[in-house]
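*Asks:* Here you go, one structure.
The values are calculated or read from the model by the stated rules, or taken from the named source; none is laboratory data. Values in this document were obtained by computation on a predicted structure and should not be read as measured data. For neighbour counting, all protein chains shown are included, and Cβ atoms are generated from backbone atoms with ideal geometry for every residue, glycine included.
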Amino acid sequence: MKRRTLLKAAAAGLISANLPSLSLAMSSADRSANTNGEEHYDYILTAEPAKARIAAGGDSDILGFNGQFPAPVIRAKQGKPLRVMFINKLDEPTTVHWHGIRIANNMDGVPHLTQPPIPAGGRFLYEFTCPDAGTFWYHPHMNSVEQLGKGLVGALIVEEETPQDYHDVVLGLKDWRLKKDGSYLQLSIPREAFRDGTLGTVATINGLQKPTIDVPAGERLRLRFLNMDSTRVFNLSMRNETAHIIAIDGSPIAVPVPLDVHPTGAGMRLDVGFISPTEIGKEIAIFDMKGRFGVEICRLKTVAPSTKTSKKVGIPALPINPIPAPQLDAAESLSFVFEWAGALSPSDASGEVDHNFWLINRRAWSDHSHQNLPEPLAALTLGKSYIFELHNATPHHHPIHLHGLIFTVLESDKKDVTPFHTDTILLEKNERAKIAFVADNPGKWMFHCHVIEHMKTGLMGYITIA
């Protein structure tokens, strides 16, 4: 079997704040089967233990895709098949979920719901076509607190059919629960899990703390922010810079709007268009706004461009993805209430506390795993339009993510909404919102909060489409 693997970024220059794509995708000649019938893949991806320097005082034992962090950036083309051979080199089962992709159900990477877990030493061929261009990501859906918390997260960039006049800058946001020496603190604390979630202690962009990222001067940049953290909401801002939002969670918006402060919850993404200054050595800070004050998370620094280009003017819109429009006047409405179960912590058969903090429509996922499936939250009819009425009846935010579909946010009682497409909606405390979509993708689809501890303590379910 002929393969081409992604190189491990052993050199410090590769594991940099610029996060090179490492996208050693095979050539078109390699993609086709040869006369000997050998099989080829666009990528070979592993999950395996590794070490990385995240905290200043020492290396950390991580779980890394291809044994590294940051993980390889996988690049695909809109409308073209992508073949990824995944090999599990962990000592436990895992899967890969392709977050935000409208994918065939058996490729969605949810153990027991869409595929059997991939055992230690096992492999699985993920083969699918991405119908939408944009900024997406990939991660496991097993033992998620540990596997995501220790580094199994990576960016998936789907390039438009028509090349766009932007210079890509991938910015992967992730906190780590580390001591100064690089050893781990407790990844999940129950009293925090029933609040906003257990926050990290070391904030990183592409694996580095407050990096300075080189960008070409005078170039139109596409800043691809990916919140791959398990918990934190980043209130992204460039303050007074003339930056514009061009896509939300992988879906372009029709007319770019100025970036002020944009809350981006766990699992969510934001594409920002920005023309860098022509002056060499100019630095632009990027902030996570906390109240009136911001915490700087990284800087852009202009360097001489590799090639001379024409002067850039304006931030053009990206091509709109082919999302089917729901028929709102004929749509069926369904209600989903996200609630707090209180401090009750029942014990399991062995006497261990079985934390169960969160409910969807007054019930939690039975055992916080995918092993024993409860009844679906809703059974939808293929091809029919639906409106989901969402109510966050808790004092905490919840980024609610739906697998396999892209929905339209219609309205909210907490903010003015210009309808937009997304796969995740960040519900504020006590917020009510409406989303709509066409149920055009058959299968069983997860519907859950992407604060990983909330998901693991009850705030997940699934819908069926048939």
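*Asks:* List pairs: first in the range 119-138 and of a type in the set (K, R), second modelled with pLDDT of 95 or more and surrounded by fewer than 20 Cβ atoms within 10 Å (Cβ to Cβ), Cβ under 7 Å, 6+ apart or cross-chain?
*Replies:* R123/I87
*Asks:* Whether any residue in the range 312-329 is part of a loop (DSSP other than H, G, I, E, B), among the charged types (D, E, K, R) and exposed (fewer than 14 other Cβ atoms within 10 Å of the Cβ) is what I want to check.
*Replies:* Taking every residue of the range 312-329 in turn, none turns out to be part of a loop (DSSP other than H, G, I, E, B), among the charged types (D, E, K, R) and exposed (fewer than 14 other Cβ atoms within 10 Å of the Cβ).
*Asks:* Moving on to the next point. Restricting attention to the range 75-92, does a residue exist that is touching a His at 6+ places or on another chain (Cβ under 9 Å) and in contact (Cβ under 8 Å) with a residue 24 or more places away in the chain?
*Replies:* yes
*Asks:* Is it the case that the range 60-73 has a residue that's surrounded by 23 or more Cβ atoms within 10 Å (Cβ to Cβ) and modelled with pLDDT under 95?
*Replies:* Scanning the range 60-73, I find no residue that is surrounded by 23 or more Cβ atoms within 10 Å (Cβ to Cβ) and modelled with pLDDT under 95, so the answer is no.
*Asks:* Taking the condition of being touching a Ser or Thr at 6+ places or on another chain (Cβ under 8 Å), surrounded by 23 or more Cβ atoms within 10 Å (Cβ to Cβ) and within 16 Å of G265 (Cα to Cα), how many residues in the range 427-454 meet it?
*Replies:* Number of matching residues: 4.
*Asks:* Of everything in the range 179-217, what is outside any strand (DSSP E or B), among the hydrophobic types (A, V, I, L, M, F, W, C) and in contact (Cβ under 8 Å) with a residue 12 or more places away in the chain? Give them in sequence order.
*Replies:* L185, L187, A193, F194, L199, A217
*Asks:* Which one is surrounded by the fewest Cβ atoms within 10 Å (Cβ to Cβ), of the residues in the range 218-246 that are touching a Lys or Arg at 6+ places or on another chain (Cβ under 7 Å) and not in a strand (DSSP E or B)?
*Replies:* My answer is G218.
*Asks:* If M107 satisfies every condition in (1) touching a residue at least 24 places away in the same chain (Cβ under 8 Å); (2) surrounded by 20 or more Cβ atoms within 10 Å (Cβ to Cβ); (3) of a type in the set (A, V, I, L, M) but one, which is the exception?
*Replies:* Result: M107 passes all but (1).
*Asks:* Among strands (runs of 3 or more DSSP E) lying entirely in the range 341-430, which contain 1 or more residues that are of a type outside the set (S, T, N, Q), on the phi > 0 side of the Ramachandran plot and at pLDDT below 95?
*Replies:* Those strands (runs of 3 or more DSSP E) do not exist here; none qualify.
*Asks:* Just to be sure I understand, how many residues within the range 251-288 are of a type in the set (D, E), loosely packed, with under 14 Cβ neighbours inside 10 Å and either assigned by TED's automatic domain parsing to the domain that holds T422 or in a strand (DSSP E or B) (or both)?
*Replies:* Of the residues in the range 251-288, 1 are of a type in the set (D, E), loosely packed, with under 14 Cβ neighbours inside 10 Å and either assigned by TED's automatic domain parsing to the domain that holds T422 or in a strand (DSSP E or B) (or both).
*Asks:* Yes or no: G109 out of contact with any Lys or Arg (no Cβ under 9 Å at 6 or more places or on another chain) and within 21 Å of M446 (Cα to Cα)?
*Replies:* Yes, satisfied.
*Asks:* Here's a follow-up. Any residue in the range 97-120 that is of a type in the set (S, T, Y) and in contact with a Pro (Cβ under 8 Å, 6 or more places away or on another chain)?
*Replies:* no
*Asks:* Among the candidates S183, S188, which residue alone is of a type in the set (S, T, N, Q), buried (at least 17 other Cβ atoms within 10 Å of the Cβ) and over 22 Å from I406 (Cα atoms)?
*Replies:* After applying the criteria, what remains is S188.
*Asks:* Quick check, is K308 modelled with pLDDT under 95 and buried (at least 16 other Cβ atoms within 10 Å of the Cβ)?
*Replies:* No.
*Asks:* Also, quick follow-up: Please state which of the following conditions H167 fails to meet, knowing it meets all the rest: (1) surrounded by fewer than 20 Cβ atoms within 10 Å (Cβ to Cβ); (2) of a type outside the set (S, T, N, Q); (3) touching a Ser or Thr at 6+ places or on another chain (Cβ under 6 Å).
*Replies:* The one condition H167 does not meet is (3).
*Asks:* If you check every pair at least six apart or on different chains, which have Cβ atoms under 6 Å apart with a residue in the range 398-409 that is closer than 19 Å to K384 by Cβ first and a residue that is outside any strand (DSSP E or B) and hydrophobic (A, V, I, L, M, F, W, C) second?
*Replies:* Hits for this filter: I406/I323.
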